[in-house]
1. From largest accessible area down, sort 157, 200; use a 1.4 Å probe on the protein chains.
2. If R0 is 51 Å, what FRET efficiency do you get for residue 190 and residue 80 from their C-beta distance, rounded to 0.05?
3. Between residue 28 and residue 163, 0.36 nm times their residue separation minus their Cα-Cα distance comes to what?
4. Relative to the present Cα-Cα distance, how much length would full extension add between residue 55 and residue 35 at 0.36 nm per residue of separation?
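The values are calculated or read from the model by the stated rules, or taken from the named source; none is laboratory data. Please read all numbers here as calculations on a predicted model, not as lab measurements. Cβ atoms come from the backbone with ideal geometry, glycine included; neighbour counts cover every protein chain shown. Please note that ligands, DNA and RNA were not included when accessible areas were found on the heavy atoms of the full protein model with its side chains. Shrake-Rupley method; radii C 1.70, N 1.55, O 1.52, S 1.80 Å.
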Amino acid sequence: MGRDDGREIDPELAAAVLAYVAGEPVNVSVMCRRLGVSRKTFYKYAARYAERGLAGFTQDSRRPRTSPSRTTPADADAIVAARAELKASGFDYGAWAIRTHLTEHRGPTREGAGSPVPSEATINRVLAVRGLRELVPARRPRSSWTRFEREKVNSLWQMDGFDVTLGDGQQVVVIHVSDDCSRKDLALHVAPSESGAAAWEAFVKASAEHGLPMELLTDNARAFNGSRMGFVSQMEKNTLD
């Protein structure tokens with residue numbers, strides 16, 4: 001059983017190696033078979049003990065002695081500095097923006113030319129280690145933005161009103177009528193105020209050109225829906241008649 005995990009070797013194996021190096025009689029084949037190691041491993045430790053002493057009984061790490069892709073302290077400092085500069089300037093200072101900034105500042109005539117620009121994953125890792133990583137709530141998936149709409153035109157109309165200030169400062173109201181299925185603007189009726197009469201005129205204008213809808217949906221403004229306020233608006237009265 002080889003031990004390649006960086007731990008020290010079995011104490012019994014170490015004792016056998018010590019005895020062997022000291023010149024004591026050791027049946028290497030029997031010992032290795034009992035401990036589940038190869039003869040090659042036994043003699044390897046014997047050579048290492050003879051060369052290094054007890055330190056030879058510790059497995060050498062398989063980790064590379066050098067790591068070309070490892071983030072250097074200088075790179076980490078550059079990432080932090082770029083983040084601070086972008087944030088102070090009011091720009092986005094996420095990993096993508098930092099990487100773009102570093103790329104621009106490592107051109108052929110600038111300091112650091114030729115050195116690789118850290119990846120976004122590396123930048124995020126450095127920021128996390130330095131306590132500068134700002135986590136944001138996950139964005140709502142695009143698949144959840146499913147627009148509900150009627151399948152046929154004139155199945156449902158929607159009506160509302162909004163204020164508009166004209167060039168001379170006068171304020172008017174635009175009554176907007178649209179078809180839920182096609183999203184087509186059926187009427188844009190301008191009136192001095194949002195009233196039941198103005199709403200009815202917009203509805204008549206739209207129906208004269210496009211026919212009547214099966215349903216009409218409005219907000220709770222007085223011009224459209226007075227039932228919740230204890231009265232019947234002109235719009236409601238005309239559509240019910």
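1. Details: 157 0, 200 65 Å².
The most accessible residue leads, giving 200, 157.
2. Numbers: r = 57 Å, r/R0 = 1.12.
The calculated FRET efficiency here is 0.35.
3. Numbers: separation 135, 0.36 × 135 = 48.60 nm, distance 9.73 nm.
Here the segment from residue 28 to residue 163 would lengthen by 38.9 nm.
4. 5.1 nm
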